Amino acid sequence: MKTTKRVFVLVKAYPQPSRTYEETVCCAGITEDGEFIRLYPVRYRRLKAAARFERYDLIEVEGERPRDDHRPESFHVNEDSIRILRRAAEFSPEAKARLWIPHVSADLESLRTANREHRVSLGVVRPDPGTLRFSWTAPEKLGAENQAISTALAHQSSLIETALKPLEALEFAFTYAYRSGARKSKGQIHDWEVQAAYRNYKLRYRERALHMLKQQYQHEMARHNLHLFLGTMKAHPMQFIIVGLLRTSADVAAIEAQPALI
């Protein structure tokens, strides 16, 4: 049954080639009712310019619960229905933080317990202070496979749509290792922002790009109340990955004392 949702977008991950949808971007957020939601398929580079939302935009979208995805937060969207109602620039840092601060899990183990007992597949955790470690590796096989799929799909584009430029092969996969409660975890950062930051840092800092990126993502981020937005994959519904990064300059203690949506 089709319904309309109003969603504050919190996550926009890096595009992934898809044999079914050409390429998709993992998008997630919180509805006006205060519930986590996963939007897919979103072929972001195929969206009309007026529908290309950014993080913290309030959007309206029509869709329905998918039959082949048992994760309770998943919502199959009609891309043509996407409307941007309010832009992120209209909201203060405090208003943005109030969207997600009330929904932070006590720790990673609490989120995993909710996953086992209630199939919860989206959540936010805060790394324990001083435990965050940022690193990188060459994605090699994964990058080569994605590039091959992307290039092949570009050649198989429909007659109606012009071919998308093949996705740029990722030079590095960026990773966070951290503790949350008593549990250690490590995962690749799938946030679109980190790849965009690396490209910008290469232009600005050249051979010092990775050093400066580590300074930003390991040290500066931690000083701005960094939280990790985690989600599971459809094929691995009990495995959480880092799909987005949330931080704020707002007073988190004050927000936790009196939570409220925009």
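Would you say Leu132 is in contact with a helix residue (DSSP H, G or I) (Cβ under 8 Å, 6 or more places away or on another chain), assigned by TED's automatic domain parsing to the domain that holds Ala177 and closer than 30 Å to Lys214 by Cβ?
yes
State which residue pairs qualify: first residue without any contact (Cβ under 8 Å) to a residue 40 or more places away in the chain and farther than 24 Å from His219 by Cβ and inside segment 235-249, second residue aliphatic (A, V, I, L, M) and surrounded by fewer than 22 Cβ atoms within 10 Å (Cβ to Cβ) in any location, beta carbons under 9 Å apart, and separation of 6 or more residues or different chains.
Partner pairs satisfying both residue conditions: Gln239/Met233.
Scan segment 199-222 for residues that are of a type outside the set (A, V, I, L, M) and touching a helix residue (DSSP H, G or I) at 6+ places or on another chain (Cβ under 6 Å) and report the count.
Number of matching residues: 3.
Does Ser92 qualify as being of a type in the set (Ser, Thr, Tyr) and more than 17 Å from Glu35 (Cα to Cα)?
So Ser92 passes the test.
In segment 71-91, how many residues are in contact (Cβ under 8 Å) with a residue 60 or more places away in the chain, surrounded by fewer than 16 Cβ atoms within 10 Å (Cβ to Cβ) and under 17 Å from Ser249 (Cβ atoms)?
So the answer is 0.
Arg119 - would you say it is touching a residue at least 60 places away in the same chain (Cβ under 8 Å), exposed (fewer than 15 other Cβ atoms within 10 Å of the Cβ) and either within 19 Å of Tyr40 (Cβ to Cβ) or not hydrophobic (A, V, I, L, M, F, W, C) (or both)?
It is true that Arg119 is touching a residue at least 60 places away in the same chain (Cβ under 8 Å), exposed (fewer than 15 other Cβ atoms within 10 Å of the Cβ) and either within 19 Å of Tyr40 (Cβ to Cβ) or not hydrophobic (A, V, I, L, M, F, W, C) (or both).
Are there helices (runs of 4 or more DSSP H) fully within segment 140-250 with at least 2 residues that are over 22 Å from Cys27 (Cα atoms), of a type outside the set (A, V, I, L, M) and at pLDDT 70 or above? List them.
Helices (runs of 4 or more DSSP H) meeting the threshold: 192-205, 209-214.
Go through segment 40-61 and count every residue that is among the acidic types (Asp, Glu) and buried (at least 17 other Cβ atoms within 10 Å of the Cβ).
Result for segment 40-61: 1.
The values are calculated or read from the model by the stated rules, or taken from the named source; none is laboratory data. Small disclaimer: the values here were computed from a predicted structure and weren't measured. Neighbour counts are summed over all protein chains in view; Cβ atoms, including those assigned to glycine, are modelled from backbone coordinates with ideal geometry.
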